[in-house]
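The values are calculated or read from the model by the stated rules, or taken from the named source; none is laboratory data. In this text, all values refer to a predicted model and were calculated from it rather than measured experimentally. With ideal geometry, Cβ positions are generated from the backbone for all residues, glycine too; neighbour counts draw on all protein chains shown. These area figures cover heavy atoms from the full protein model, side chains too; ligands, DNA and RNA do not enter into them. Shrake-Rupley method; radii C 1.70, N 1.55, O 1.52, S 1.80 Å.
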Amino acid sequence: MKRQALLLLAIVLLGLNLRPALAAIGPLLDRIQLDTGLDHVAASLLTSVPVVIMGLGALACGPLRRRLGDNGGILLGVLLIALASLLRGLLPAASTLLVSAVLAGAGIAFVQALLPGLIKSRFAADSGRLIGFYSCAIMAGAAFGAAFTPWLAQSLGWAWALAGWTLPALLAAAVWRRAAPSAGASAVASAPPLVTWRWPRAWLLMSFFGIGTAGYTLVLAWLPPYYTALGWSAQASGLLLAALTLCEVVAGLLLSSLLPRFPDRRPLLAAVLLSLLAGLIGLQLAPETLVVPVALLLGVGIGGLFPLSLVVAQDHLDDPRQTGDLLAFVQGGGYLIAACAPLLAGLLRHYSTDLSLSWQLMALATLVLMVMAVRFSPPRQQRPLDALTD
């Protein structure tokens, strides 16, 4: 029992370390650009590059597991996050920030690709709830990164404020090393691997996850600069992002408790997508007057859409190994799609000095998601598994 509790603590600590490397950048972006000379497009890469690497890492989940194992891959991932954070303090230059973005993305990718499968194999009877807690820990880590980093920057400077996230990553690595289950603890699946690229539904699920996650990466990267351009301080814009992220956590927890009551996920999808759309509209029409409802609506929309996208994908298959194959494909391609959002916003801001068009495009994308969500009916589609497996 004590070992299980330590493992649960390690899972939560790992989740908490998967977003500060991204979320801490936004509130300090103007100061980073001023000190390093990064233009808007290059600055957007500090968020886009890690997300691209996260996608590639998810697609490489199989070879990574075979080479390092679950335990070793997860440990390497969190150590790479620690190294990326430390480099930002030691060498606060534009080139180092981009290198640290690659390292952080690789570390996040390793953990995200391997940890959910390990949770499923180790806690088969309660894996859904535990993955929900893990997802909420990820969003909580983003809140902590956005809220605390600007305050640290007041006394330490932005570089060492970013480097401060080295310590939580090292703590997670130490706890994981003690708590990680033995290699023989994971169940071995007997079903053959799923050839996802042959299955049209897998592409639909990947697109849905990618477009939905694009809303998250867009808000994460550019909401604080949007408000600093309106005259807000870095601390205030960081607190706004943190408050929005806390709304995401609460929405994710509430949604997890409601899932058993909604075998048809479409009513929940409709609710969170309408919330996201309303938040984006408010962000364009009255960003300061409606700042509180905007934060609530965006938080509920993004916080509910992320876990729901994964749950809808998991609903399609029973076998853990094939579900892992599908989720790797969905997240891998999805994160590559999501990485385009902050980069596109950086390009638009470079040429127009305004982010309103970015919010409008995301609102249109949300309408596309609503159309796609109609197809996610509860009866499982019959598939010729012999044609979809090796």
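If you take the residues of the stretch 215-241 that are part of a helix (DSSP H, G or I) and open to solvent by 10 Å² or more (accessible area, probe 1.4 Å), which of them is nearest to G334 (Cα to Cα)?
The qualifying residue nearest to G334 (Cα to Cα) is Y216.
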ask   = Would a scan of the stretch 339-347 turn up a residue that is at pLDDT 80 or above, open to solvent by 60 Å² or more (accessible area, probe 1.4 Å), farther than 19 Å from I53 by Cβ and part of a helix (DSSP H, G or I)?
value = yes
query = Right, V368: within 21 Å of the chain's Cα centre (by Cα), surrounded by fewer than 19 Cβ atoms within 10 Å (Cβ to Cβ), at pLDDT 85 or above and within 28 Å of P50 (Cα to Cα) or not?
reply = yes
inquiry  = Please determine whether any residue of the stretch 114-131 is within 20 Å of the chain's Cα centre (by Cα), among the small types (G, A, S) and under 30 Å from S233 (Cα atoms).
reply    = no
message = Restricting to the stretch 35-56, count the residues that are more than 19 Å from L348 (Cα to Cα) and open to solvent by 10 Å² or more (accessible area, probe 1.4 Å).
response = 5
task = Please state which one of L205, L277, L194, L254 is more than 28 Å from L34 (Cβ to Cβ) and open to solvent by 50 Å² or more (accessible area, probe 1.4 Å).
result = L254
inquiry  = Among the listed residues S186, S207, S182, S190, identify the single one that is modelled with pLDDT of 85 or more and among the hydroxyl-bearing types (S, T, Y).
reply    = S207
ask   = How do the pairs read when you match residues in the stretch 152-177 that are more than 23 Å from A93 (Cα to Cα) and of a type in the set (A, V, I, L, M, F, W, C) with residues anywhere that are open to solvent by 70 Å² or more (accessible area, probe 1.4 Å) and at pLDDT below 95, using Cβ under 8 Å and keeping only pairs 6 or more apart or on different chains?
value = V175/L9
query = Given the structure, is P263 out of contact with any helix residue (DSSP H, G or I) (no Cβ under 9 Å at 6 or more places or on another chain), open to solvent by 50 Å² or more (accessible area, probe 1.4 Å) and more than 25 Å from L364 (Cα to Cα)?
reply = yes
request  = Go through the residues of the stretch 115-135 one by one and say whether even a single one is in a helix (DSSP H, G or I), in contact with a helix residue (DSSP H, G or I) (Cβ under 6 Å, 6 or more places away or on another chain) and of a type in the set (F, W, Y).
outcome  = yes
ask   = In this structure, is A104 aliphatic (A, V, I, L, M), closer than 30 Å to T228 by Cα, open to solvent by less than 50 Å² (accessible area, probe 1.4 Å) and in a helix (DSSP H, G or I)?
value = yes
query = Any residue in the stretch 58-81 that is touching an Asp or Glu at 6+ places or on another chain (Cβ under 9 Å), part of a helix (DSSP H, G or I) and either in contact (Cβ under 8 Å) with a residue 60 or more places away in the chain or open to solvent by less than 10 Å² (accessible area, probe 1.4 Å) (or both)?
reply = yes
inquiry  = Given the condition under 23 Å from I53 (Cβ atoms), assigned to a loop (DSSP other than H, G, I, E, B) and of a type outside the set (F, W, Y), answer yes or no: does some residue in the stretch 163-184 qualify?
reply    = yes
